[in-house]
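> I have a structure I would like to understand better, so I am pasting it below and will then ask my questions one at a time.
The values are calculated or read from the model by the stated rules, or taken from the named source; none is laboratory data. Since the structure is predicted, the reported quantities are computational estimates derived from the model, not experimental observations. For neighbour counting, all protein chains shown are included, and Cβ atoms are generated from backbone atoms with ideal geometry for every residue, glycine included. Keep in mind that these areas ignore ligands, DNA and RNA; they rest on the heavy atoms of the full protein, side chains included. Shrake-Rupley method; radii C 1.70, N 1.55, O 1.52, S 1.80 Å.
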Amino acid sequence: MDRRLALAAITTAFLAACSDTATDSAPTDAPLEALPGGDESQPLPWIVSAAHPLAVEAGAEVLARGGTAADAAVAVQAVLSLVEPQSSGLGGGAFMLFYEAETGDLHAYDGREMAPASITPDVFLTEDGTAMAFFDAVRSGFSTGVPGAVALLEFAHQRHGKLEWASLFDAPIRLASDGFPMPQRMHYWVGRFPHLRLEDGGEIYYGDDGKPIAIGETITNTAFADSATTIAQGGAAAFYEGPIADAIIARVNSQSGNETMTLDDFAAYEVVDREPICRPVKTFEVCSMPPPSSGGVTLLQILQIYEQTGADGSPKNNLVPYVEATRLAYADRSRYLGDPISMGTDDLSAEDLTDALIDRSYLKDRAELIGPSPLKDVEPGAPAGPAIKEGRLDDHSYEVPATSHFSIRDADGNIISMTATVEMPFGSQMFAGGMVLNNQLTDFSRDPGRDGKPIANAPGPRKRPMSSMTPVVVFDAEGVPYAATGSPGGPAIIGYVAKTLMAHVFGGEKISDAIKQPHVVVPRGKVLVEEGADGLATELVAAGYEVSTTPLTSGVHGFVLSPDGVDTFADHRREGSVITSDDWQ
């Protein structure tokens, strides 16, 4: 069914069935009649919001010469690979939502890394059967999956691009060859991992004295320039076969001491065109990625549970419903989510399980568990019956907050919301071809299960590990694109996105203002409050929670399109920026 027709049917039925729960707290009750500046005879305003100004400028330059959002995404991600290698890169993977203006379709493109065929469920177990320590697993040589970013970018470009593929690498090749200023965040992480200077490819971030190059001083990466040139000239095939693939495979296998990764693994990699998951929340339709991302399911659970508690307004004014909705959603996440190939059963497909997890009646039952004080025990629900709940164990993966997000809109109205990662800062701590190699396979549960009970997110051959990445596209009640956003941040990503959207949808706050408010997230059961938000921490302790205060470095980037105009935002906690066509002129 056409996504617009399906959306209209779902939204109409939802509003009719749930009119008693609707309030006036959404930012606008009227549907978006036309996009800002929306004279159909004129180009629509284009927007790029990303985690580094050089990447934003590269995307803007592509859009300014008539490129599409898919064209711009290639330039943005390639530059981020160079100037933010601790977070994402061509040696990693990504999830992309692509809204196609001409058809009204929303696509969910899965460019998540894939485990080599050699990976077994017990790959991260020691000889005594216990799970490896996290950093031992990262550095084991078994943590690197077949990268998906390059295949994903070409996949989107072939379907939605206009400009020549090779021209999209002009900026990254120039910056890698001529140099760019050492960014503050990269400098920080280079300083945290001094052993990188001993790695072939990591030495470029350090001076002759062994210390990180100073902030603002020039870095060049000629190996990356060579790789980018090869990919520009030969397309994704030049990445998945030939010298680049050989270099990645050799580095991984030298670290593991085994034939862990092969050219057959690279040849087997495919981007998966999945069905996005969408649900009505207030007067909006919120869409995100399905599994193997856990982000979409968990986000939609949080939003719908919160709504069905009857909470009125922003999460900051309804802390218990917000925290409990999050705890309940994360409990389901740990029990049920992973690569779709391991989520289902003989009697239940992964798609049916996903639908059951975000079913409104199921989430109404979950919401009814929430009272005025914290739940003593938070257990996963039984969305598809008790057998599946009792038949598997909870996930034991450990995600480190790195990653990057960008949102793009082109002059034709196409929209990209893309979250990309190499997993932890500088991934596996290995390099090849001037690129950081990911450690995504430590996003699997290092404990694969026991006593005959599996864990959905256990390692396995050609599997894709569960992710917290949560790219989002929001539509108004008429099915018109309203917003695009997402964030980095490991398992806290879902909370960052949820809190920001909830402040807007339920509290009527501008997202650009909501981002500035301190975070409260519950990624692993314990309530985390952003450092400096003493009032929130005190209130949560008084409500009965165990609370930790810590820096919470989100990177929420995107835009909102409303009858009042365009609200663009780049999280002040990172180095990002926004450029629009109005700025460019």
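> Beyond 18 Å, what share of the Cα-Cα pairs of the range 279-401 is found? Please give it as a whole percent.
Here the tail beyond 18 Å accounts for 51 percent of pairs.
> Express the relative contact order of the range 355-484 as a whole percentage, based on alpha carbon pairs under 8 Å and six or more residues apart in sequence.
Values: 169 pairs, mean separation 24.8, N = 130.
Normalised by residue count, the contact order of the range 355-484 is 19 percent.
> Oh, and also: Determine the sum of side-chain charges near V436: Lys and Arg each +1, Asp and Glu each -1, restricted to other residues whose C-beta is under 13 angstrom from that of V436.
Summing Lys and Arg as +1 and Asp and Glu as -1 gives -4.
> May I ask you to rank H405, H396, H157 by accessible area, largest first, using a 1.4 Å probe over the protein chains only?
H396, H157, H405
> Right, something else. Residues of the range 426-461 with amide nitrogen under 15 Å from the 7 Å Cα-to-Cβ point of D246?
433
> Residue by residue through the range 521-533, which ³J(HN,Hα) values in whole Hz follow from phi under the Karplus form 6.51 cos²θ - 1.76 cosθ + 1.60 (θ = phi - 60°), with glycine and proline marked x?
9, 9, x, 9, x, 8, 7, 10, 10, 4, 3, x, 8
> Per residue, what volume in Å³ does the Cα convex hull of the range 382-428 take up?
Taking the convex hull of the Cα positions in the range 382-428, it is 139 Å³ per residue.
> With θ taken as phi - 60° and the coefficients 6.51, -1.76 and 1.60, list the Karplus ³J(HN,Hα) couplings across the range 85-97 in order, rounded to whole Hz; mark glycine and proline as x.
3J(HN,Hα) across the range 85-97, in whole Hz: x, 6, 10, 8, x, 5, x, x, x, 6, 10, 10, 9.
> Would you mind calculating the relative contact order of the chain from Cα pairs under 8 angstrom and at least 6 residues apart, reporting the percent as a whole number?
Value for the chain: 24 percent.
> Kindly report, to the nearest 10 Å², the accessible surface of S118 as traced by a 1.4 Å probe over protein heavy atoms only.
Estimated to the nearest 10 Å², S118 gives 60 Å².
> Sticking with this structure for a sec: Keeping all protein chains in place and using 1.4 angstrom, which order do C287, C278 fall into by accessible surface area, from largest down?
C278, C287
> If you don't mind, another one. Quick one: which of 166-172, 94-100 comes out on top by average Cβ neighbours within 10 Å, and what's the full order, highest first?
94-100, 166-172
> Moving on. Zone of H195 (label point 7 Å along Cα→Cβ, backbone N under 15 Å): which residues in the range 429-454?
Under cut-off, by backbone N: 429-431, 439.
> Subtract the Cα-Cα distance of D359 and E270 from 0.36 nm times their separation in residues, and report this length gain in nm to one decimal.
29.0 nm
> Moving on. The range 481-505 to the range 79-151: how many Å between their Cα centroids?
21
> What ³J(HN,Hα) values, in whole Hz, does the Karplus curve 6.51 cos²θ - 1.76 cosθ + 1.60 give for the range 414-420 when θ = phi - 60°, with x put for Gly and Pro?
Residue by residue, the range 414-420 yields 5, 9, 10, 10, 9, 10, 10 Hz.
> Something else now. Measuring from centroid to centroid over Cα atoms, what is the spacing of the range 276-343 and the range 379-449 in Å?
Measuring centre to centre over Cα atoms gives 16 Å.
> So what's the net charge close to K376: Lys and Arg +1, Asp and Glu -1, counting the other residues with Cβ under 13 Å from its Cβ?
-3
> Roughly how much of K516 is accessible, in Å² to the nearest 10, using a 1.4 Å probe?
Ignoring ligands and nucleic acids, K516 comes out at about 130 Å².
> Amide H neighbours of S293 under 5 Å, counting only residues 5+ apart in sequence or on other chains, H built in-plane at 1.01 Å?
S467
> Please report, for the Cα atoms of the range 465-585, the Rg to one decimal and the Dmax as a whole number; what are they, in angstrom?
So, for the range 465-585, Rg and Dmax equal 15.5, 53 Å respectively.
> Further question: Looking at the range 346-420 from every direction and averaging, what is the projected area of its Cα convex hull in nm²?
Result: 9.3 nm².
> Here's something else I'd like to know. Tell me, what is the Rg over Rh of the chain, with Rh the Kirkwood radius over Cα pairs?
Rounded to two decimals, Rg over Rh is 0.95.
> May I have the count of lysine pairs in the chain with C-alpha atoms under 21 Å apart, counting pairs 8 or more residues apart or located on different chains?
Taking the chain as the scope, the lysine pair count is 18.
> Still on this structure, I have one more. Let me check something: with ligands and nucleic acids excluded, how do R139, R409 order by accessible area (1.4 Å probe), largest to smallest?
R139, R409
> Can you grab the distance from the C-alpha centre of the range 161-226 to the C-alpha centre of the range 514-544, Å, no decimals?
Using only Cα atoms to place each centre, the spacing works out to 35 Å.
> While we're on this one: How would you rank 321-330, 432-441, 243-252, highest first, on the average number of other Cβ atoms within 10 Å across their residues?
432-441, 321-330, 243-252
> Please compute the net charge surrounding V76, taking Lys and Arg as +1 and Asp and Glu as -1 over other residues with Cβ under 11 Å from its Cβ.
After counting each charged neighbour, the total is -4.
> Right, another one. Beta carbons within 10 angstrom, averaged per residue: use that to sort the peptides 422-430, 218-226, 544-552, 65-73, highest first. If you can, show how the numbers build up before the last one.
Details: 422-430: 27.2, 218-226: 18.1, 544-552: 14.4, 65-73: 25.3.
With the highest mean Cβ count within 10 Å placed first, the list reads 422-430, 65-73, 218-226, 544-552.
> Cα gyration tensor of the range 171-220, axes a ≥ b ≥ c as square roots of the eigenvalues: rounded (a/c below 1.5), prolate (a/b > b/c) or oblate?
Verdict is prolate for the range 171-220.
> Would you mind checking which residues have amide H under 5 Å from F506's amide H? H placed 1.01 Å from N; only 5 or more apart, or other chain.
none
> A further question on this structure: Any chance you could list P(r) for the range 43-194, counting all Cα-Cα pairs in 5 angstrom bins from zero, rounded to whole %?
With a bin width of 5 Å, the distribution comes to 2, 8, 15, 18, 17, 13, 11, 8, 5, 3, 1, 0, 0.
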